[in-house]
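Reviewing the structure listed below.
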Amino acid sequence: MNIYVGNVNYQATEDMLRNLFEQYGEVSSVKIITDKVSGRSKGFAFVEMDNDDEAREAIENLNGKEFSSRELTVNEARPKENNGGSSRGKFGNNKFRRG
């Protein structure tokens, strides 16, 4: 199961998150999402656990828990939505867009 972890302290490391989640079972991977330009954490991460029961237990126990001075938001990750946008940025190539 892929788990979304929000409100992660910017100084937290992937090893710190791995240690936190390993209290509930085997962790396959941890990825703190970073800004492409600055390389700094965006304050959220994804944790992958192969055993769904262990993952649910981690979610239940860690959602709302204080970790590194921040209250975590932990839930099952939702698939990324394809909103039909282009990779050209916020304004795209639409000459007729107003507002």
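The values are calculated or read from the model by the stated rules, or taken from the named source; none is laboratory data. For clarity, every value in this text was computed on a predicted model and none was experimentally measured. Quick reminder, even Gly has a Cβ in these numbers, built from the backbone with ideal geometry, and neighbours come from all protein chains shown.
Could you tell me whether ARG56 is of a type in the set (Lys, Arg), at pLDDT 95 or above and loosely packed, with under 15 Cβ neighbours inside 10 Å?
Details: of a type in the set (Lys, Arg): yes; at pLDDT 95 or above: yes; loosely packed, with under 15 Cβ neighbours inside 10 Å: no.
For ARG56, the condition - of a type in the set (Lys, Arg), at pLDDT 95 or above and loosely packed, with under 15 Cβ neighbours inside 10 Å - is not met.
Within segment 38-85, track down each residue that is in contact with a helix residue (DSSP H, G or I) (Cβ under 8 Å, 6 or more places away or on another chain) and among the small types (Gly, Ala, Ser). Spell out how you get there, then give the answer.
As a first pass, look at segment 38-85 and keep what is in contact with a helix residue (DSSP H, G or I) (Cβ under 8 Å, 6 or more places away or on another chain): 45, 47, 49, 58, 62, 67-68, 72, 74-76.
ALA45, ALA58, SER68 - these are the residues of segment 38-85 that are in contact with a helix residue (DSSP H, G or I) (Cβ under 8 Å, 6 or more places away or on another chain) and among the small types (Gly, Ala, Ser).
Would a scan of segment 5-13 turn up a residue that is surrounded by 11 or more Cβ atoms within 10 Å (Cβ to Cβ) and either assigned to a strand (DSSP E or B) or modelled with pLDDT under 95 (or both)?
Taking every residue of segment 5-13 in turn, at least one turns out to be surrounded by 11 or more Cβ atoms within 10 Å (Cβ to Cβ) and either assigned to a strand (DSSP E or B) or modelled with pLDDT under 95 (or both).
Just give me the residues in segment 31-53 being under 13 Å from ALA77 (Cβ atoms) and touching a Phe, Trp or Tyr at 6+ places or on another chain (Cβ under 9 Å), in sequence order.
LYS31, ILE33, PHE44, ALA45, PHE46, VAL47, MET49, listed by residue number.
If you check GLY39 against the conditions, is it at positive phi, surrounded by fewer than 14 Cβ atoms within 10 Å (Cβ to Cβ) and not basic (Lys, Arg)? Write out each step before concluding.
On the way: at positive phi: yes; surrounded by fewer than 14 Cβ atoms within 10 Å (Cβ to Cβ): yes; not basic (Lys, Arg): yes.
Here the answer is yes, as GLY39 does meet what is asked.
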